[in-house]
Amino acid sequence: MLYLGLLLLAIAFLLYMWKVAHENNVLHHRLTLQGEQEKVRLFFISDVHLRKINKKMIDRLEGHFDAVIIGGDFADSRTPIARIHENLQLVTSIGPTYFVWGNNDREVGEERLKAILQEHQVQIIVNDAVLLPTKNHFWLSAIEDTTVKEYSFEKAFAKVGEQDLVVFIAHNPGVFAKVRAKFHADLMMGGHLHGGQIRFGPYGVHPNGSYRERDGVMTLVSNGYGTTLVPFRLGAKPQCHIIDIDISSK
């Protein structure tokens, strides 16, 4: 009887972690920058992996986004090609979409995934910066995934002027300290760590996700939307993000 009770408890615990892993949490963040007055709205999602993006979650998002940013690991070797198409149809429906490579994306096949992204008119940013069509000089700057060893901060910031506004994206936030030391960015965004995915109180393989100022730069490290290895989460809820940026001359 004791063994049966323990078995039922273990099953209930796994079901709870599975439920948490399939939550749809959209976090809202705000940032105020100096420049010509306007508002810029970003949507950030990373580490989707095998997961199917929830259509109701996307439908509930209000308004149009100036940029939808996929912060890497949108898919991996487990992800059906049909699901990649379905997920891209959803995220591209809310605004122009930009993609940054993660460490698992190429498991799909680099050329195959590139073709799929191009089919959905998603712009890939690799060691480059893309100027958004806004009043201000507002750039999305991103590097190649660090596992490829061909990433270049210099190329990612080559086009950016000293007074321009910059969002820097890297799948692995471990590079952020190096960027802060040498380049100017107004916001940094990354994923990769999954918040540790399974945490016991304050203890986890990686820190939980956060949106906070680090060395004077607002920094978003997302827990990501999907899971890797096992479809469970504990203490590190799945996330995607809305960032409302108010730009003012004051």
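Data overview
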| quantity | calculated |
| --- | --- |
| Only one of 33, 90, 61, 42 that is open to solvent by less than 50 Å² (accessible area, probe 1.4 Å), touching a helix residue (DSSP H, G or I) at 6+ places or on another chain (Cβ under 7 Å) and over 18 Å from residue 233 (Cβ atoms) | 90 |
| Contacts under 7 angstrom Cβ, first residue in the range 33-51 being of a type in the set (Val, Ile, Thr), partner assigned to a strand (DSSP E or B), 6 or more apart | 40/138; 40/245; 40/247; 45/70; 45/240 |
| Residues within the range 87-138 that are closer than 21 Å to residue 227 by Cα and not in a helix (DSSP H, G or I), tallied | 7 |
| Extreme residue, surrounded by the most Cβ atoms within 10 Å (Cβ to Cβ), among residues of the range 64-87 that are of a type in the set (D, E, K, R) and without any contact (Cβ under 8 Å) to a residue 40 or more places away in the chain | 83 |
| Members of the range 228-247 found to be within 14 Å of residue 206 (Cα to Cα) and in a loop (DSSP other than H, G, I, E, B), listed by number | 228, 233, 235, 236, 237 |
| Whichever residue in the range 177-187 is open to solvent by less than 20 Å² (accessible area, probe 1.4 Å) and not small (Gly, Ala, Ser) and, among such residues, is nearest to residue 26 (Cα to Cα) | 187 |
| Odd one out for residue 162 among (1) open to solvent by less than 30 Å² (accessible area, probe 1.4 Å); (2) out of contact with any Gly (no Cβ under 9 Å at 6 or more places or on another chain) | (1) |
| Residue that is nearest to the chain's Cα centre (by Cα), among those in the range 147-158 that are exposed (fewer than 15 other Cβ atoms within 10 Å of the Cβ) and within 27 Å of residue 35 (Cβ to Cβ) | 152 |
| Scope the range 188-211; condition within 22 Å of residue 139 (Cα to Cα) and either surrounded by fewer than 21 Cβ atoms within 10 Å (Cβ to Cβ) or basic (Lys, Arg) (or both); matching residues | 211 |
| Residue within the range 165-176 that is part of a loop (DSSP other than H, G, I, E, B), surrounded by fewer than 24 Cβ atoms within 10 Å (Cβ to Cβ) and in contact with a helix residue (DSSP H, G or I) (Cβ under 9 Å, 6 or more places away or on another chain) present | yes |
| Subset of the range 132-145 [open to solvent by 20 Å² or more (accessible area, probe 1.4 Å) and under 19 Å from the mean Cα position of the chain (by Cα)] | 139 |
| Filtered residue count, the range 212-244, keeping only those that are open to solvent by 30 Å² or more (accessible area, probe 1.4 Å) and of a type in the set (A, V, I, L, M, F, W, C) | 4 |
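Listed here are the residues, each with its yes/no results for (1) at pLDDT below 95; (2) of a type in the set (Gly, Ala, Ser).
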{"site": "2", "(1), (2)": "yes, no"}
{"site": "27", "(1), (2)": "no, no"}
{"site": "37", "(1), (2)": "yes, no"}
{"site": "63", "(1), (2)": "yes, yes"}
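The values are calculated or read from the model by the stated rules, or taken from the named source; none is laboratory data. Just so it is clear, the model here is predicted, and its values are computed rather than measured. Ideal geometry is used to build each Cβ from the backbone, glycine not excepted, and the neighbour counts take in all protein chains shown. Remember, those area values only see protein heavy atoms, side chains included, never the ligands or the DNA or RNA. Shrake-Rupley method; radii C 1.70, N 1.55, O 1.52, S 1.80 Å.
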